[in-house]
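Enquirer: Below is a structure I'd like to ask you about.
The values are calculated or read from the model by the stated rules, or taken from the named source; none is laboratory data. Predicted, not measured: the structure shown is a model, and the values here were computed from it. Backbone-built Cβ (ideal geometry, glycine too); neighbour counts: all protein chains shown.
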Amino acid sequence: MDFHVSLVGRNDLSGEIYRQLRRAIVNGRLRRGELLPPTRELAQHLSVARTTVTVAYDRLAGEGFVTSRVGAGTFVNEHGAPAPHETKRRRVDGALRPLRIWDSIPLSAAFTRPAQFDFRTGLPDASLFPHDRWRRLMSRQLRSEAVRAGVYGDPAGYRGLREAIARHIGVARGVEASADDVTVVSGTQQALDVVARSLLTPADRVAVEDPGYQPARWLFESLGARVNGVPVDQHGLVVDALPRHARLVYVTPSHQYPLGVSMALSRRRALLAWAERNHAAIVEDDYDSEFRFGGRPIEPLQTLDTIGQVVYIGSVGAALFAARFLGDSIY
């Protein structure tokens, strides 16, 4: 048969012949049992050495796409090509579709081109960051023995970074933690995902602030949790409105999102007592704790926790870059 193979501007001639024939077999253009051109004939047609075609045929045969028969030629293998009724691509509903919860989530406008005046939150002036010093410090760490060990790193993150984070939050936020208590992640959403997958099972009840940080709610719902909104007033989360059987409570007590109120001490103690009675976990998102107009920040809820119920999520990337590429941490 006369089969077209394009080698114009290609360097790997044998590889191109293999790829194009393989694609034709997979797509059904070359059907089961169909005879391929003899190697000598195809080589002459393509103006290449016969060995170039032979290598491509051998590769197809080795992968099971074709079968060679002495004295008969090379044929498309019965199992190498799709059946005739399978050649058309069919859309299978539900096979590769995301969960329906994501259909209701609007596309983020964070990466759209801003207007003349940019009023988006969380975007400090990047020109003030000491980029040259940062690059020198990064290069020094990347040359260290720990990084050059040639093995996978600790899944919790680079230990030097975790030790630095533990010292930082101890001084800046009063959180008592060691490097072993710290897990470095790429952002708040990943932190919540790690915590939820560790503590929750499908259909567990999760309580979130209402109004609150919507992406957190979407994440819990995507994992099959039943999410209940709990009202927020001038003192923070209304603890008396928490659902009794909640397995996890997500809060932003130091700087409630989006209202900006701080949870009163009485509410903090009531929330801890509620969690202890109901054997529930508290996830404290202490986002942007480094940013304030003046005075000392309110200490995290975690510092009042005496039995280990609070999972503390803090952000070190926000203090460095608006893109927060360094990530958040779980303590």
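Enquirer: Within the set of pairs 6+ apart or on separate chains, which have a first residue in the stretch 245-271 that is on the phi > 0 side of the Ramachandran plot, a second that is in a loop (DSSP other than H, G, I, E, B) and modelled with pLDDT under 90, and C-beta atoms under 9 Å apart?
Expert: That search, which allows pairs on different chains as well, returns nothing.
Matching residues to (1) under 22 Å from E78 (Cβ atoms); (2) β-branched (V, I, T); (3) assigned to a loop (DSSP other than H, G, I, E, B):
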residue	(1), (2), (3)
L7	no, no, yes
S14	no, no, no
L21	yes, no, no
I25	yes, yes, no
G28	yes, no, yes
R31	yes, no, yes
E41	no, no, no
A61	yes, no, no
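Enquirer: Filter the stretch 7-41 down to the residues that are in contact (Cβ under 8 Å) with a residue 40 or more places away in the chain and of a type in the set (S, T, Y), then identify the one that is surrounded by the fewest Cβ atoms within 10 Å (Cβ to Cβ).
Expert: Only one residue fits best here, namely S14.
Enquirer: Filter the helices (runs of 4 or more DSSP H) completely within the stretch 188-292 down to those with at least 3 residues that are more than 22 Å from G308 (Cα to Cα).
Expert: Details: elements: 188-199, 214-222, 265-278.
It comes to 214-222.
Enquirer: On to the next question. Residues of the stretch 162-187 being aliphatic (A, V, I, L, M), assigned to a helix (DSSP H, G or I), over 17 Å from E299 (Cβ atoms) and in contact with a strand residue (DSSP E or B) (Cβ under 8 Å, 6 or more places away or on another chain), which ones?
Expert: Just the residues of the stretch 162-187 that are aliphatic (A, V, I, L, M), to begin with: 164-166, 169, 171-172, 175, 177, 179, 182, 184-185.
Narrowing further to those that are assigned to a helix (DSSP H, G or I): 164-166, 169, 171-172, 179.
From the residues that got through so far, the ones that are over 17 Å from E299 (Cβ atoms) too are 164-165, 179.
The one that is aliphatic (A, V, I, L, M), assigned to a helix (DSSP H, G or I), over 17 Å from E299 (Cβ atoms) and in contact with a strand residue (DSSP E or B) (Cβ under 8 Å, 6 or more places away or on another chain): I165.
Enquirer: I would also like to ask the following. When both residues are 6+ apart or on different chains and their Cβ atoms are under 8 Å apart, which pairs have a first residue that lies in the stretch 204-227 and is on the phi > 0 side of the Ramachandran plot, and a second that is in a helix (DSSP H, G or I) and surrounded by fewer than 16 Cβ atoms within 10 Å (Cβ to Cβ)?
Expert: none
Enquirer: Please find, within the stretch 87-140, the residue that is modelled with the lowest pLDDT out of those that are of a type in the set (S, T, Y) and in a loop (DSSP other than H, G, I, E, B). Let's see the steps before the verdict.
Expert: Restricting attention to the stretch 87-140, the residues satisfying the condition of being of a type in the set (S, T, Y) are 87, 104, 108, 112, 121, 127, 139.
Add one more test, that the residue is in a loop (DSSP other than H, G, I, E, B), and what stays is 87, 108, 112, 121.
Numbers: T87: 53, S108: 66, T112: 64, T121: 63.
Here the residue is T87.
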